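Beneath this line is the structure, given in structure tokens, with notes to follow.
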Amino acid sequence: MSARRSVLRYFEGCSGNRLAADQEGPIDGRPVLLLHGGGQTRHSWARARQALASAGYLAIAVDARGHGDSDWIDNGDYRLESQVGDLTSIIATLDSKPALVGASMGGVNSLIACGAQPDLATLLVMVDVTPRLEARGVERIKDFMLSNPEGFASLDEAAGAVAVYNSTHSRAGSKDGLRKNLRLGEDGRWRWHWDPQFMLGDFRTTVEEISRRMFEAAVKITIPTLLIRGQQSDVVSPEGVAEMRELLPRMEFVDVQGAGHMVAGDRNDVFNDAMLDFMRRYLPVAG
């Protein structure tokens, strides 16, 4: 089974919304859904998707509703329930149960979905997210996402804003990646490729609800679970990891040096090695 080049495909979400995805790997391979964080797009998984496909898995990186090339929701329905509903709608169309790899928002949705349906997936990889969300880190994410509402005059300007937010990530070669996470408006300015309505509402109340729902879901998880944290993360603390281990005693844990909240982007080589090692032990490729 040889990996094939990435192809674009679409799924239907729980609201009849279109969800864009890049799929790569043997069509009969074990499916792995890659779910990005808030404000990101499916392109943040490019190298992880390629690594999974090369290892014989069918890797599917999805744009969440309101992000990337997926539909923006006219009525601004970006509630947690709707995001989780999109995930379960995607899974219902697959030929077999997938592994879930979720970063930040994608990890939240994956954990809650698996808590509600313990047999929904084969295994769960959570990337820098636990039920205990550190307020300082979450506030910093919010401030970054709400900054520069008028966009950027150039890709260099956008890269500078990212560098200020994430000092652990190199700017080398960042323009190509940024181009896929930005959209060029008719006014010639670059803006992040997500719906501004995504950030409407009471942010603090939303985060508190997410945390509560994650605590409730974690104790119901029965599938193999791996938590990958960026050692310099300000969103997931050592205390949050310890708390998660109490909720999931059999959970495996990897702390990635030199990485912050954006683990897969900061140290992609280490991230891919940890993810693939876990996959091969609990979900080996057939043959």
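Values in this text are rule-based calculations from the coordinates and carry no lab data. The model shown is predicted, which means the values in this text are computed figures rather than measured ones. Virtual Cβ from ideal backbone geometry, glycine too; neighbours counted across all protein chains shown.
Below are the figures for this structure:
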read-out	value
Hits in the range 23-73 - residues which are under 18 Å from residue 183 (Cα atoms), surrounded by 24 or more Cβ atoms within 10 Å (Cβ to Cβ) and either free of Cβ contacts under 8 Å to residues at least 60 places away in the same chain or basic (Lys, Arg) (or both)	42, 62, 63, 64, 65, 70
Test: residue 266 is touching a Lys or Arg at 6+ places or on another chain (Cβ under 9 Å) and charged (D, E, K, R)	no
Test for residue 122: is it β-branched (Val, Ile, Thr), surrounded by 14 or more Cβ atoms within 10 Å (Cβ to Cβ), touching a residue at least 24 places away in the same chain (Cβ under 8 Å) and closer than 26 Å to residue 81 by Cβ	yes
The range 209-226 residues that are closer than 23 Å to residue 282 by Cα, paired with ones that are of a type in the set (Phe, Trp, Tyr) and part of a helix (DSSP H, G or I) (beta carbon under 7 Å, 6 or more apart)	224/282; 226/278
Of all residues in the range 207-239 being of a type in the set (Ser, Thr, Tyr) and under 18 Å from the mean Cα position of the chain (by Cα), the one that is surrounded by the fewest Cβ atoms within 10 Å (Cβ to Cβ)	211
Yes/no for residue 203 being hydrophobic (A, V, I, L, M, F, W, C) and over 17 Å from residue 134 (Cβ atoms)	no
Residue 188 vs. criteria out of contact with any Lys or Arg (no Cβ under 8 Å at 6 or more places or on another chain) and loosely packed, with under 15 Cβ neighbours inside 10 Å	yes
Residue identified as under 29 Å from residue 118 (Cβ atoms) and either among the acidic types (Asp, Glu) or in contact (Cβ under 8 Å) with a residue 40 or more places away in the chain (or both) among 240, 260	240
Within the range 6-45, considering residues that are of a type in the set (Lys, Arg) and touching an Asp or Glu at 6+ places or on another chain (Cβ under 7 Å), the one nearest to residue 263 (Cα to Cα)	42
